[in-house]
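What follows is one structure encoded as structure tokens, with my remarks underneath.
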Amino acid sequence: MVRAADRSGRNPADVRLVAVTKYASLEAVRALVELGVDALGESRPQQFAQRVAELDAPVNWHFIGTLQRNKVRLVLPHAALIHSVDSLRLLERVNQVAIELGLAPRLLLEVNISGEKSKHGFTPTALEHDWDQLVRSHPGQIVGLMTMAPASDDPEQTRPCFRGLRDLRDRLARRSRQIELSELSMGMSGDFEVAIEEGATLIRVGSALFEEWSPT
Ligand SMILES: *Cc1c(COP(=O)(O)O)cnc(C)c1O
């Protein structure tokens, strides 16, 4: 992480690691927290809620996976940040539950930069089109954007995707003073260095951290 930040002239402190624990045992997660990792991510609502309860440690929990609207209530009270708000309908649901529970959640909008059918998220075109309205109805909660790059053995292949997210962020941020969009969640085990070079502020790393502990 530090090397990639240095290479691109960035301050390493501006990039934060979210340790994705979905394949890790509770013991492995505890060990990582002991080492000082303070941001953990889960991608399934049920496991997210279970892990929050089981671990009982002063860490920030990030929700990073697909969120069905009927699971918002399960996730919202414990999420320091939801990375994966992938539609207007979900955003509205999150907003509604937040008001009900008296919460002010921090959210990232997931964008499908690569255009792959298998990926979730707003299309860049739709987001640019709906942006002004979106800012009016959800001020203060949307703190950035997230994307998933196409799977590839060659990290360089992911660069255009990460750069695309950053450019989109820059364009949207220029249009609205109320929303800063300071966070860019991009980069996983295979491509986090490229993501950092392209401006990631949050990287979501699972297998690279937990491989040694995994039973397989
Ligand atoms: C699993 C997952 C990750 C971590 O993937 P690794 O390749 O194991 O680092 C990151 N982001 C999301 C959304 C995930 O579901």
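Where a number appears in this text, it was derived from the coordinates with a stated rule and is not lab data. Remember, it's a predicted structure, so these values are computed and weren't measured experimentally. For neighbour counting, all protein chains shown are included, and Cβ atoms are generated from backbone atoms with ideal geometry for every residue, glycine included.
Could you identify the single residue in ASP38, ASP86 that is away from the ligand (no atom under 16 Å from the Cβ) and within 24 Å of SER189 (Cα to Cα)?
ASP38
Picking from ALA49, ALA53, which residue would you name as being over 19 Å from the mean Cα position of the chain (by Cα) and more than 16 Å from the ligand (Cβ to nearest atom)?
So the residue among ALA49, ALA53 that is over 19 Å from the mean Cα position of the chain (by Cα) and more than 16 Å from the ligand (Cβ to nearest atom) is ALA53.
Any residue in the range 97-119 that's touching a residue at least 24 places away in the same chain (Cβ under 8 Å) and more than 21 Å from GLU183 (Cβ to Cβ): show its pairings with residues that are assigned to a loop (DSSP other than H, G, I, E, B) and not hydrophobic (A, V, I, L, M, F, W, C) at Cβ separation under 8 Å, as long as the two are six or more apart or on different chains.
Filtered contacts from the range 97-119: GLU116/PRO150.
Going residue by residue through the range 201-214, is there one that turns out to be touching a Lys or Arg at 6+ places or on another chain (Cβ under 7 Å), within 30 Å of ILE99 (Cα to Cα) and either more than 16 Å from the ligand (Cβ to nearest atom) or of a type in the set (Lys, Arg) (or both)?
Checking the range 201-214: not a single residue is touching a Lys or Arg at 6+ places or on another chain (Cβ under 7 Å), within 30 Å of ILE99 (Cα to Cα) and either more than 16 Å from the ligand (Cβ to nearest atom) or of a type in the set (Lys, Arg) (or both).
Within the range 56-77, how many residues turn out to be part of a loop (DSSP other than H, G, I, E, B), among the polar types (S, T, N, Q) and more than 14 Å from the chain's Cα centre (by Cα)?
1
Just to be sure I understand the filter: pairs with C-beta atoms under 9 Å, separated by 6 or more residues or on different chains, first member in the range 197-210 and at positive phi, second member outside any helix (DSSP H, G or I) and within 12 Å of the ligand (Cβ to nearest atom). Which pairs pass?
That search, which allows pairs on different chains as well, returns GLY199/MET186.
Take the residues in the range 9-27 that are among the hydrophobic types (A, V, I, L, M, F, W, C) and over 20 Å from HIS78 (Cβ atoms), then tell me which one is farthest from the chain's Cα centre (by Cα).
My answer is ALA13.
Of the residues that make up the range 88-108, is at least one closer than 21 Å to VAL20 by Cα, in contact with a helix residue (DSSP H, G or I) (Cβ under 6 Å, 6 or more places away or on another chain) and not basic (Lys, Arg)?
Within the range 88-108, one or more residues are closer than 21 Å to VAL20 by Cα, in contact with a helix residue (DSSP H, G or I) (Cβ under 6 Å, 6 or more places away or on another chain) and not basic (Lys, Arg).
How many of the residues making up the range 184-193 are within 9 Å of the chain's Cα centre (by Cα) and more than 9 Å from the ligand (Cβ to nearest atom)?
Result for the range 184-193: 2.
Quick one: is THR158 under 26 Å from GLN96 (Cβ atoms), within 14 Å of the ligand (Cβ to nearest atom) and either acidic (Asp, Glu) or under 18 Å from the mean Cα position of the chain (by Cα) (or both)?
no
Of all residues in the range 42-68, which are touching a Phe, Trp or Tyr at 6+ places or on another chain (Cβ under 7 Å) and in contact (Cβ under 8 Å) with a residue 24 or more places away in the chain?
Answer for the range 42-68, where residues must be touching a Phe, Trp or Tyr at 6+ places or on another chain (Cβ under 7 Å) and in contact (Cβ under 8 Å) with a residue 24 or more places away in the chain: PHE48, VAL52.
Can you tell me how many residues in the range 2-28 are surrounded by 12 or more Cβ atoms within 10 Å (Cβ to Cβ) and either among the charged types (D, E, K, R) or within 14 Å of the ligand (Cβ to nearest atom) (or both)?
Going through the range 2-28 one residue at a time, the tally reaches 13.
In the range 78-109, which residues are of a type in the set (Asp, Glu), under 25 Å from PRO124 (Cα atoms) and more than 17 Å from the chain's Cα centre (by Cα)?
Initially, the range 78-109 is screened for residues of a type in the set (Asp, Glu), giving 86, 92, 100.
Next, from what is left, pick out any that are under 25 Å from PRO124 (Cα atoms): 86, 92.
Listed by number, the list holds a single entry, GLU92.
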